[in-house]
Amino acid sequence: MNTIRKICVVITARPSYSRIKTALTAIGEHPRLELQLVVAGSALLDRYGNAANYIERDGFKIDERVFMVLEGENKTAMAKTTGLGVMELANVFYNLKPDAVITIADRFETIATSIAAAYQNIPLVHIQGGEVTGNIDEKVRHANTKLADIHLVASEDAKERVLRLGEDNNSVFNTGCPSIDIAHRLLESKGLDFNPIEKYGGVGGLQKMPDKYLVVLQHPVTNEYHEAKADVAKTLNVINELKIPTFWFWPNVDAGADGTSNGIRSFREKHNPKHIRFFKNMDSNDFLRLLKHSQCLIGNSSVGIRECSFLGVPVVNIGTRQHRRQRGENVIDVLYDEVQIKNAIKLQLESPKNKRSNIYGNGDSGQKIADILANIDLQFHKTIVY
C-alpha cells in the first residue's frame, strides 16, 4: 500500500484538541498518511480561549477555519450552529477531498462533521464513541457512531457498547484515549514547573502561586441549562467558604454557558475573592501538570473521569453531566448540594492520592490510531450486524 491517505481531522472545541493531539502528531509523522486539519466552532473564539492559537504554536498547520458559532448559548443556537456547520464543512470536505474524516467524541457540533462527511460518501472515523453520560452529548455520540464507518474507542466498556449498537467487530478498536498519552508523560513529574498566573494571566484576587491548591472546571448541562447559574453558584459558595487557593476555568460553549459565565462574573463582582484565579484556557500539557499537582479537581468535566483517573488526582464530580461514564476510584460523585460538595472535597483532601486507573489507556493511543488509519480498509458503507 503506497498511496498516501489524506486524513482530515475536525476540531470544534478546546477539549477536543487534547483528546486528539498525540494522534495528530502520529498521523502527521506516518509515512503513509497526510494530515489535514480543520479548526471550527468555539475553538476559534477568543472568549473560549481560542484553541487555534495553541494548535499553531504546537507546530500544526491549520488547513481550514470554519466560523459557525451563533450567539445565544441556548438550545436553539446549538441547533442552528450545527446546521451552519453542516453547510460549511460540506464545502471544506469538497475542496480538501480527504480519504477519511475524523470526528471527535460527543460535543453537539461533531454531528455536523459526521453528516457532512457521510452524505458525501467519505469514510467517517469516530473517536471515543460508546460512552454514556446522560445528556444531549450522549445522543450526539451514538448518532456519530451510527454514521461512522470506523470506531476508535477509549475503553473496553465503550467497545462493548458500540458492538451492542450493531457495529461490525472488524471496525471497532480500543485504542485508548490520546489525552492519556499526554498524561503518561507527566507521571514522573515531581512538581509544577511553571507559574500559571505569570504565564497565563487570568483574573481574580489570587496573586501568588500557592503551595497547595484546588482546580475547578464546571460546565452547564445542556438539558438542565436553565439551572446553570444556580448550579455554579453552589460550587462558588463552597469554594469561597473553604478559602483554599483555587484555579477556576471558564465553561465550554454549550446551552447554559451564559448562565455559568454570568454566575461567575456576578460572584466575582460581589465577593472579590482573594483566593481564586479565573482562566479562559491553558495549554493541554500545562493544564494536566496543574491538575497532577493539585489537591483535587471539582466540577463536571470529563477530564476528571479520564486523565485524572490515570494520574490518580482526587475528583469531586458534581451533577449528571458525567452520569454513567466509567470512572476510577479517584472520583466521588455528588449532587448540586453545597453540603455534599463541601464534605466530598474535605474527604478527598484527607484521602490518599494516587488511586490510579488505566481504564482509558496506557499512553500509546496516538500511534495506535495512526497505524489503524494507515492499514484499515476504508469504506463508506456498512451492513449492521444483528
Subject >> Flag if residue 321 is crowded, with 16+ Cβ neighbours inside 10 Å, at pLDDT 90 or above, in a loop (DSSP other than H, G, I, E, B) and charged (D, E, K, R) >> reply: no
**OP:** Go through the stretch 205-231 residue by residue and tally those that are buried (at least 19 other Cβ atoms within 10 Å of the Cβ) and either in a loop (DSSP other than H, G, I, E, B) or assigned by TED's automatic domain parsing to the domain that holds residue 79 (or both).
**Re:** 6
Original post:
Can you tell me which of 303, 385, 339 is at pLDDT below 95 and part of a helix (DSSP H, G or I)?
Top reply: 303
**OP:** Tell me, yes or no, whether the stretch 289-298 has at least one residue that is within 27 Å of residue 71 (Cα to Cα), crowded, with 24+ Cβ neighbours inside 10 Å and not assigned by TED's automatic domain parsing to the domain that holds residue 41.
**Re:** no
**OP:** Output the number of residues of the stretch 111-135 satisfying the condition of being surrounded by fewer than 20 Cβ atoms within 10 Å (Cβ to Cβ) and within 21 Å of residue 321 (Cα to Cα).
**Re:** 2
Subject >> Condition check for residue 264: farther than 15 Å from residue 338 by Cα and either touching a strand residue (DSSP E or B) at 6+ places or on another chain (Cβ under 9 Å) or β-branched (Val, Ile, Thr) (or both) >> reply: yes
Subject >> Filtered residue count, the stretch 219-254, keeping only those that are under 19 Å from residue 349 (Cα atoms) and under 20 Å from the mean Cα position of the chain (by Cα) >> reply: 2
Subject >> Matching residues in the stretch 50-105 - criterion: being of a type in the set (D, E, K, R) and farther than 21 Å from residue 178 by Cβ >> reply: 64, 65, 71, 73, 75, 80, 88, 97
**OP:** Would you check which residues across the stretch 248-285 are in a helix (DSSP H, G or I) and either surrounded by fewer than 17 Cβ atoms within 10 Å (Cβ to Cβ) or aromatic (Phe, Trp, Tyr) (or both) and list them?
**Re:** 262, 265, 266, 267, 269, 270, 271
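A quick yes/no check of all residues on (1) under 13 Å from residue 298 (Cα atoms); (2) modelled with pLDDT under 95:
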residue: 213; (1), (2): yes, no
residue: 216; (1), (2): yes, no
residue: 219; (1), (2): yes, yes
residue: 223; (1), (2): no, yes
residue: 226; (1), (2): no, yes
residue: 238; (1), (2): yes, no
residue: 243; (1), (2): no, no
residue: 247; (1), (2): yes, no
residue: 252; (1), (2): no, yes
**OP:** Collect the residues in the stretch 188-204 that are more than 22 Å from the chain's Cα centre (by Cα) and not in a loop (DSSP other than H, G, I, E, B), keeping them in residue-number order.
**Re:** 197, 198, 199, 203
Original post:
Restricting attention to the stretch 1-54, which residues are on the phi > 0 side of the Ramachandran plot and crowded, with 19+ Cβ neighbours inside 10 Å?
Top reply: 41, 49
Original post:
For the stretch 123-169, what are the residues that are among the polar types (S, T, N, Q) and without any contact (Cβ under 8 Å) to a residue 24 or more places away in the chain?
Top reply: 145
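The values are calculated or read from the model by the stated rules, or taken from the named source; none is laboratory data. These figures come from a predicted structure and were not determined experimentally. Reconstructed Cβ throughout: ideal geometry from the backbone, glycine too, with neighbour counts over all protein chains shown.
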